[in-house]
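Notes follow once the structure below has been shown.
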Amino acid sequence: MNAAPTVAIILPPREGFAAEAVGAVGLLVRRHVQACPEFGSVVFGLPQARPFPEVDFCPVRPSWFPGNATRRYAGGIARALRAMRPNLIEVHNRPDVALFLAGRFPTIPVALFLHNDPQGMRGARTGAERQRMIDRLARIIPVSAYIAGRMPPSGKIVVLPNCLNLAAIPASPAERDRVILFAGRVVADKGADRFVAACARALPMLPGWRAEMIGADRFRADSPDTPFLRGLRTVAEAAGIAMLGYRPHADVLAAMARAAIVVVPSRWPEPFGLTALEALACGATLLYAPNGGLAEVVGDAGIAIDAENIEGVVAALVQAAANPAPCPGRAVRFGLGPVGAALGALRRQTLDAWSRGPTAPI
């Protein structure tokens, strides 16, 4: 019997991979391991205090290579991979790390998952650099068509959306809490100030309702208290909006499962919009700004808003409070089953094409 193909999954250097400190990329990597048990997966990243126990995690010490911290991290990864010799290397969200490893391991296919716009990433900012990625990597896997559109066209590029473990979604109470919830990084790009401004006007029209914000500047308990946060906290307190700070991901899902309304008022083009998908899966009525990949994820399952039009957001909040419109069925297509099957097929196709020669058409 043939041994299971081995996959080395490389986290971004600052990505958390523990229940108490994890972001969207770490969550997705954990789900990829859960969704594809037919592959022998090992996750590589910087040392974690308590990495997810069910995942084979290899802590990496950066090398003493000259250069920046990312290059030293890539050197440490390369050192660890020499002992493993995986069948496939998957790098998440770091084109420069993917290209470095492709150069160090020319006989092993290297795939790059793009969770953000590559045009803002080191090693992919120019058109020539992005074409070099296509030429040198075995596969490029954006999480949305929006992100794919930020790359030159190529048969090596295949969209694979983020996924959810629907079995981990907590049950909702028979009657949901009259809560308007924001969950995510409390930064300007995520529209946190727009949420506060809209709720400050809407709450006086909604007796018995309250607004809460879960999140901080970073995905960890010791996240810095930024000037943006301090200024926002003053306004939120005056409006009676609770800012609860960072919470572990399980607590965020539990809050979404109780809240009647979740708002995702992002200013920036969201690469995917995992918070919106989680809100739908948890059965909340979703208000969202359809920027970037959010429109692909949500479809017609949420209420689209212009986050800069505060009066419009207020009207949408009042309407959603009176007439909730949950659509949890939308999340089914993003479950571990369908996305895991697509990931497994993509891995097998990549390995098969590579076995016919690194330049074989994919």
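Observations, loosely collected:
- The Rg/Rh ratio for the chain, using Cα coordinates for both the radius of gyration and the Kirkwood hydrodynamic radius, is 0.99.
- For region 1-84, with +1 on Lys and Arg beta carbons and -1 on Asp and Glu, the positive-most of Phe65, Ile77, Ala35 along the dipole: Phe65
- Comparing mean-square fluctuations of Leu160, Leu244, Leu46 from a GNM of the chain with C-alpha springs under 10 Å, the top value falls on Leu244.
- Here the dipole of region 58-135 is about 340 debye; that uses its Cα centre as origin and unit charges on the Cβ of Lys and Arg (positive) and Asp and Glu (negative).
- Assuming charge only on the beta carbon of Lys and Arg (+1) and of Asp and Glu (-1), the dipole of the chain about its Cα centre is about 1220 debye to the nearest 20.
- With a Förster radius of 45 Å applied to the beta-carbon distance between Arg125 and Asn323, the computed FRET efficiency rounds to 0.50.
- In this simple spin-label approximation, Ala83 and Asp306 carry label points 7 Å from Cα along the Cα→Cβ vector, and these lie 5.8 nm apart.
- The GluC sites (Glu not before Pro) of region 1-58 that DSSP puts in a loop, and whose beta carbon has at most 16 other beta carbons within 10 Å, are Glu20, Glu38, Glu54.
- Where trypsin sites (Lys or Arg not before Pro) fall in DSSP loop in region 1-32, at most 15 other Cβ within 10 Å: Arg14
- Evaluated on region 166-333, the Kirkwood hydrodynamic radius is 15.6 Å, with distances taken between all distinct Cα atoms.
- Approximate spin-label separation Ala221-Ala168, in nm, with each point projected 7 Å along Cα-to-Cβ: 1.9
- Among the GluC sites (Glu not before Pro) in region 281-356, those placed in a DSSP loop whose Cβ has at most 14 other Cβ atoms within 10 Å are Glu308.
None of the figures in this text is laboratory data; all of them are computed from the coordinates on show. What you are looking at is a predicted structure, and each value in this text was computed from that prediction instead of being measured. Cβ coordinates were reconstructed from backbone atoms using ideal geometry, including for glycine residues, and neighbour counts include every protein chain displayed.
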